[in-house]
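Comments concern the structure below.
The values are calculated or read from the model by the stated rules, or taken from the named source; none is laboratory data. Being a predicted model, the structure only gives us computed values, none of them experimental. A quick note on method: Cβ atoms are made from the backbone with ideal geometry, for glycine too, and the neighbour counts reach across all protein chains shown. Ligands, DNA and RNA are excluded from the accessible area calculation, which covers all protein heavy atoms including side chains. Shrake-Rupley method; radii C 1.70, N 1.55, O 1.52, S 1.80 Å.
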Amino acid sequence: IERNIAYYAGLLGHYVGDGSMPLHITIHHDGWQGENPDGFATSNVHGPVEAYGDAVVNLERLLSLIRPPKVIENTFEEVIEYLYATNGQVKELYELHKEGAFRKRPINPKGQEFILRAVSRSSQMLLDLWYTAYIKSGEE
């Protein structure tokens, strides 16, 4: 039972984390596709943005953005809202990429803030989902 719990908790963590990355929920996953009036990059976006995220997440700052867990009453609606909110950040990510905000040296505060917001949103969602599962597991 404990192994199954750990497995599914980890699997959930992977997908919730992926859901906070705008490039994971758009057709523009590694470069702008189709009409491109803003002149965004058309390739080689995904890897550099994720590598930047790995380099700039500050645990202390991240933890300051996390609130205590809450029980989610309608899990499906909350997850859909979470994914739509992430999708709403696709253009902002491409604008920041165009500005060079995801270069590692020097660290750009705008790029770092974008990444920290995304990671804190996924951390909060995962915390709330795990907490909800724990609390509701005791319901009859």
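Values as computed for the structure displayed
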| quantity | calculated |
| --- | --- |
| Filter result for ALA118 (touching a residue at least 12 places away in the same chain (Cβ under 8 Å), assigned to a helix (DSSP H, G or I) and surrounded by fewer than 16 Cβ atoms within 10 Å (Cβ to Cβ)) | no |
| Among (1) surrounded by 15 or more Cβ atoms within 10 Å (Cβ to Cβ); (2) on the phi > 0 side of the Ramachandran plot - the single one HIS97 does not satisfy | (2) |
| Boolean, LYS91 is at pLDDT 95 or above, part of a helix (DSSP H, G or I), surrounded by 10 or more Cβ atoms within 10 Å (Cβ to Cβ) and of a type in the set (D, E, K, R) | yes |
| Single condition VAL71 does not satisfy, out of (1) open to solvent by less than 30 Å² (accessible area, probe 1.4 Å); (2) more than 14 Å from ARG117 (Cα to Cα); (3) in contact with a Ser or Thr (Cβ under 6 Å, 6 or more places away or on another chain) | (1) |
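Every residue, every condition in (1) part of a loop (DSSP other than H, G, I, E, B); (2) farther than 30 Å from TYR134 by Cα; (3) open to solvent by 50 Å² or more (accessible area, probe 1.4 Å), yes or no:
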site	(1), (2), (3)
ASN4	no, no, yes
ALA9	no, no, no
TYR15	no, no, yes
SER20	yes, no, no
GLN33	yes, yes, yes
GLU77	no, no, yes
ARG103	yes, yes, yes
